[in-house]
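Comments concern the structure below.
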Amino acid sequence: MNPDYNIILLLILQFSFYYRSPNFYNIFLFYHKLHIYSLSYLAQFLHYLELQPTQKNKKMYFLVIFSLVIFCYLCYNKAMVNFNLNEINPYIRHINYLAGCNNKNHILPWRQLYDYEFLYVCKGKIIVETNTDKYEVREHQLHIMPPHTLHTRYFIDNEECDYFSMHLDLFFDPFLPDFNAQDFYIDEQNIKPSEKLLIKKKRSLISSFNFISCVTIIDPNKMYMLFNRTLQFYKGTDELKQLYLKSMVFRILALAIDSCRAKNLPFFSTNDNFHKEIIENFLSYVKDCYANNISVKQFLQDQNIGERYFSKIFKAEKNITPNEYIIEYRIKQAKKLLLEDKYYIYEIAERVGLPNEYYFSRLFKQRTGFSPLAWIKENKKE
């Protein structure tokens with residue numbers, strides 16, 4: 001192998017050790033396996049510049065080396081560490097209890113967090129809106145807002161809400177620069193940590209996992225007690241404060257996981273599996289309940305999933321919206337009943353979950369181009 005190629009790879013490895021992160025090592029492996037030829041040509045070019053030591057070539061040589069350094073830095077800055085769950089090291093930056101909140105006394109502008117925020121609603125509801133979704137966090141639900149999500153939240157008009165808010169890192173690294181949540185989230189909500197500090201934010205995500213956004217807690221009194229005790233210790237000066245706070249985060253997560261398992265919901269999973277599970281649950285729900293007054297909104301509340309988010313992943317998978325799928329499924333079942341030739345139209349409407357025969361007939365004609373009776377005649381000819 002060309003020695004200059006080795007130098008390039010060693011340069012990437014040097015950044016890996018400097019930042020104490022596997023990111024650059026992964027970059028090294030990636031380029032070593034997939035881009036060996038392109039880097040080899042680059043190394044040959046550098047070797048040529050060395051053999052022709054003109055002033056112009058020297059400038060070109062250092063320019064290429066400098067570009068490689070910048071490239072490595074940008075890759076690191078965009079890369080996300082794929083953490084093992086065994087590496088969880090929670091660190092609470094800020095926790096607060098907010099009582100009697102409404103749209104007049106508690107206004108949150110659109111913002112982006114640089115760590116996780118746990119919200120636990122004790123009374124009332126919070127409406128969370130992101131740039132891609134909108135959903136409710138109801139009483140006795142734990143909501144997990146992931147880092148780097150542009151969002152805002154507000155309340156039901158003329159209603160008050162009591163809730164806990166906790167900012168924390170799940171993979172805290174004391175060797176990396178940090179920022180103060182009070183400064184950036186509470187006092188000056190429009191400022192951002194410096195880019196140097198934001199290196200830390202790349203280490204705060206579980207890149208291969210997706211937390212469920214809202215969890216309905218099976219023991220709300222216990223969850224309230226956990227958050228309240230965490231708040232009291234956060235305000236204290238005990239020498240074991242940090243150790244105690246870490247243990248409380250694990251207890252909160254454990255109760256959230258138990259709550260999900262009680263309803264056979266995943267607390268987190270890979271994104272692909274998570275999407276497949278939710279879609280499969282919805283298809284089963286439609287199959288089992290299409291004859292009743294089913295509701296996409298109610299299903300999503302039970303699954304703790306936002307409506308916009310689900311509609312997006314469902315349409316990407318099935319090329320149809322959830323509501324359209326319900327209609328298509330009902331029409332499909334209605335066709336089977338029509339061919340049996342033993343039900344009145346109003347009976348078929350009832351059996352497929354539609355309110356009356358007039359609505360059913362109008363909907364059937366919109367979807368098939370025929371009235372129910374005309375469709376029967378047309379298909380009997382075949």
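We did not get these values from a lab; they are worked out from the coordinates using the rules stated. Just so it is clear, the structure is predicted and the values come from calculations on it, not from any experiment. Because the Cβ atoms are built from the backbone with ideal geometry, glycine has one as well, and the counts that use them run over all protein chains shown.
Tabulated values for the structure
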| item | result |
| --- | --- |
| Cα lying deepest toward the dipole's positive end in segment 270-382, options 325, 289, 346, charges on Cβ | 346 |
| Whole-Hz couplings from phi, Karplus 6.51/-1.76/1.60, listed for segment 151-159; x for Gly and Pro | 7, 9, 8, 8, 10, 5, 4, 6, 10 |
| Distant-in-sequence amide H partners of residue 171 (H built 1.01 Å from N, under 5 Å) | 89 |
| Listed peptides 368-375, 228-235 by packing density, highest first (mean Cβ within 10 Å) | 228-235, 368-375 |
| Theoretical gain in end-to-end length, residue 378 to residue 342 [0.36 nm per residue, Cα-Cα removed] | 11.2 nm |
| Cα-projected label distance for residue 289 with residue 329, points at 7 Å along beta-carbon direction, nm | 1.0 nm |
| Residue pairs, from the table 297/332; 315/377; 125/276, whose Cα atoms sit over 25 Å apart | 315/377; 125/276 |
| Rg ratio (alpha-carbon, reference 2.2 N^0.38 Å) - segment 285-382 | 1.19 |
| Gain upon complete extension [residue 154, residue 108; 0.36 nm per residue less C-alpha separation] | 15.8 nm |
| Highest to lowest packing among 93-100, 237-244, scored as the average C-beta count within 10 Å | 93-100, 237-244 |
